[in-house]
Amino acid sequence: MDHLPSSDALPGIRGLTSVSSKPLLTRDFDVHPTATYEGLRAAHGPVAPVDLLGVPCWLVLGYAEVLEVLRNDARVWSKRLADWRAYTQGTVPADWPPLPAFRAGGVAFTEGREHSELRAAWSAALRPFQDRSQDPARRLEAELRRHADELIALLGERGTTGRADLADEYARPLMLMAINRLAGFGEADEDVLLDIRRLLDGGPQAAEASGRLMDLCGRTCAARRSAPGEDFPSYLIAAWPDCTDEQAAAMTHLLGKLGDLTVTLVCATVVEVLSEEAAGALAGGMVRETVNRAAMVHPPYANLTFRFALADTVLGGTVIAAGDPVMLSVAAAHADPSFAGAHDPASVFSSRAHLAWGAGAHQCPGGALATTLATIAVERLQERMAWLEPALPPDRLPWRSSVFVRGLRSLPVRYGLREPSPAPPSRPSAEPSEVVEPASQGTLRRLVRVLRRTGR
Ligand code: HEM
């Protein structure tokens with residue numbers, strides 16, 4: 001990266017507001033984001049000015065340029081909101097939709113010492129679940145397998161063959177259970193699970209749901225101080241005893257959002273599994289490799305939250321003024337011919353050089369956990385399904401693009417179960433005819449019903 005003297009010395013640098021830009025989030029983008037990226041790449045090269053919901057920013061499309069900013073070797077990029085010139089000058093609209101997420105702060109929006117401390121706490125709190133040799137990780141994985149089987153058993157109640165939406169009837173409830181477990185919310189309660197979902201949807205009920213969840217996180221964190229459990233808040237407090245209940249709650253709250261990315265990854269992996277290209281990988285039982293490939297082909301975190309230039313700089317031949325925001329597009333970087341062209345699409349061995357988990361100081365610390373969760377979800381399907389096929393052609397699958405995330409709204413499939421689904425395990429009961437299903441199965445049943453009714 002070339003550094004320039006300050007903009008006082010280079011009056012030619014006028015910042016983004018002087019550059020005309022077109023809205024990024026159009027209907028075309030929603031349907032064919034890759035075509036939008038290619039249009040921008042053809043018109044501007046690896047860095048293009050765009051308008052994001054009324055706010056101008058630079059969209060970084062080139063693989064080399066995205067990696068350069070992520071690595072940040074020259075320390076010219078910051079994720080701190082205070083380094084955004086338009087924000088400090090008060091020209092960002094107060095109701096700009098992504099602003100609350102940026103303002104929430106936390107590990108993803110800090111730099112320097114504050115960032116290192118928060119990140120160390122995250123890593124320590126995730127380790128017992130992420131290190132697969134540890135008991136909490138083993139127990140979490142066993143629970144996830146059980147819930148996966150419970151959800152497949154629910155499908156089996158409709159018959160051994162049928163149609164299902166694997167997003168709302170499998171991936172989403174499964175990951176809601178995983179988040180519930182990680183966050184230490186106790187016995188799964190569908191009201192809480194639905195609040196997590198409302199938060200992730202970002203719709204009109206999101207703010208209220210977020211408030212209720214923050215309260216719950218706060219109460220859970222306060223309780224864990226005196227009685228630690230096997231959950232993220234307990235490990236977080238152990239690693240960082242000085243953190244306030246509010247800080248711990250804010251971090252726990254983020255788990256819900258990250259769960260949405262994992263749902264997206266499960267669905268993307270199933271799409272890969274159903275594609276002929278992945279057949280070789282699956283024949284070899286390489287589901288983990290297919291998860292990695294899905295993350296590359298359909299990166300769930302498609303566009304990353306802003307970084308701000310700390311000094312006037314040149315990126316991919318474009319002059320960027322100090323204080324200007326850049327949005328790194330992982331999806332566009334993966335489609336960059338310099339990356340995509342070097343990769344044989346028929347290969348089942350996907351490149352580990354992909355950027356779906358980011359890179360550098362802010363690289364995802366939960367990538368291994370998300371990969372394990374997605375692998376288990378897909379392995380259970382494989383184990384229990386005699387056959388599985390898409391109910392829609394690939395070009396009609398309902399992808400949804402939000403500002404940052406791209407995932408499937410629903411994943412309609414036809415399936416045949418390998419064997420008649422076992423009845424839910426029963427408990428001995430005074431009434432011989434009465435079958436008592438485990439609490440989680442009842443919660444999942446109600447949850448799936450509500451998710452199917454409300455849809456996306
Ligand atoms: C499929 C699922 C996931 C994907 C695709 C994903 C992707 C990413 C990416 C690309 C970043 C870097 C953002 C940036 O540089 O601006 C990131 C950051 C982060 N991820 Fe993930 N993530 C996933 C799941 C998770 C999970 C399950 C956790 C934890 C339980 C997690 C925790 C975090 C945290 C704390 C950060 C911020 C790190 C920092 O700023 O230092 N992620 N994630």
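Counting only residues 5 or more places away or on other chains, whose amide H sits under 5 Å from the amide H of LEU417 once H atoms are built in the peptide plane?
Long-range HN contacts for LEU417: THR161, ALA386.
Would you grab the residues whose amide H sits under 5 Å from the one on VAL47? Only those 5+ places off in sequence or on another chain, please, with H modelled 1.01 Å from N.
Under 5 Å from the amide H of VAL47 lie the amide H atoms of LEU61, each far enough along the sequence or on another chain.
Heads up, I need the accessible area for TYR170: 1.4 angstrom probe, whole protein in place, Å², nearest 10.
The accessible area comes out at roughly 0 Å².
For the chain, what is the mean residue ellipticity at 222 nm derived from helices alone (per DSSP H run of n ≥ 4: -39500 (n - 2.57); sum divided by total residues; nearest 500 deg cm²/dmol)? Working shown, then result.
On the way: 18 runs with 218 residues, N = 456.
Dividing the helical sum by the residues of the chain leaves -15000 deg cm²/dmol.
Calculate I(q)/I(0) for the stretch 161-225 by the Debye formula, one identical point scatterer on each C-alpha and no solvent, and give its log10 at q = 0.14, 0.17, 0.23, 0.25 Å⁻¹ to two decimals.
Debye intensities relative to I(0), on a log10 scale: -0.45, -0.63, -0.99, -1.10.
Contour minus end-to-end for SER133 and GLU117, with contour as 0.36 nm per residue of separation and end-to-end as the Cα-Cα distance?
3.2 nm
Counting only Cα atoms, I'd like the Rg/Rh figure for the stretch 290-399, Kirkwood definition for Rh.
1.06
Among 386-399, 297-310, 440-453, what's the highest-first ranking by average C-beta atoms within 10 angstrom per residue?
Listed from highest to lowest mean packing, they are 297-310, 440-453, 386-399.
What ranking of LYS257, LYS22, LYS79 comes out by heavy-atom accessible area, probe 1.4 Å, highest first?
LYS22, LYS257, LYS79
Could you do me a favour and compute the accessible area per residue for the chain, 1.4 Å probe, result in Å²?
About 44 Å² of surface per residue is accessible.
Net charge around PHE232, counting only other residues with Cβ within less than 13 Å of its Cβ (Lys, Arg = +1; Asp, Glu = -1)?
Spelling it out: positives minus negatives among the neighbours equals +1.
Compute the Rg/Rh shape ratio of the chain: radius of gyration over Kirkwood radius, all on alpha-carbon atoms.
On the way: Rg = 22.9 Å, Rh = 23.3 Å.
With Rg and the Kirkwood Rh in hand, the quotient comes to 0.98.
Percent of Cα-Cα pairs per 5 Å bin, from 0 to the last occupied bin, for the stretch 224-338, please list those.
The calculated distribution, bin by bin, is 2, 10, 12, 12, 11, 12, 14, 13, 9, 4, 1, 0.
On the protein heavy atoms, probe 1.4 angstrom, tell me the percent of accessible surface of the stretch 16-163 carried by carbon and sulfur.
50
Excluding ligands and nucleic acids, what accessible area in Å² is computed for THR88 using a 1.4 Å probe, to the nearest 10?
Answer for THR88: close to 90 Å² accessible.
Quote the charge dipole size of the chain about the Cα centre in Debye, to the nearest 20; the model charges only the Cβ of Lys and Arg (+1) and of Asp and Glu (-1).
300
The values are calculated or read from the model by the stated rules, or taken from the named source; none is laboratory data. Note that this is a predicted model, so its numbers are computed, not measured. When we count neighbours, we look across all protein chains shown, and the Cβ atoms used for this are built from the backbone with ideal geometry, even at glycine. These area figures cover heavy atoms from the full protein model, side chains too; ligands, DNA and RNA do not enter into them. Shrake-Rupley method; radii C 1.70, N 1.55, O 1.52, S 1.80 Å.
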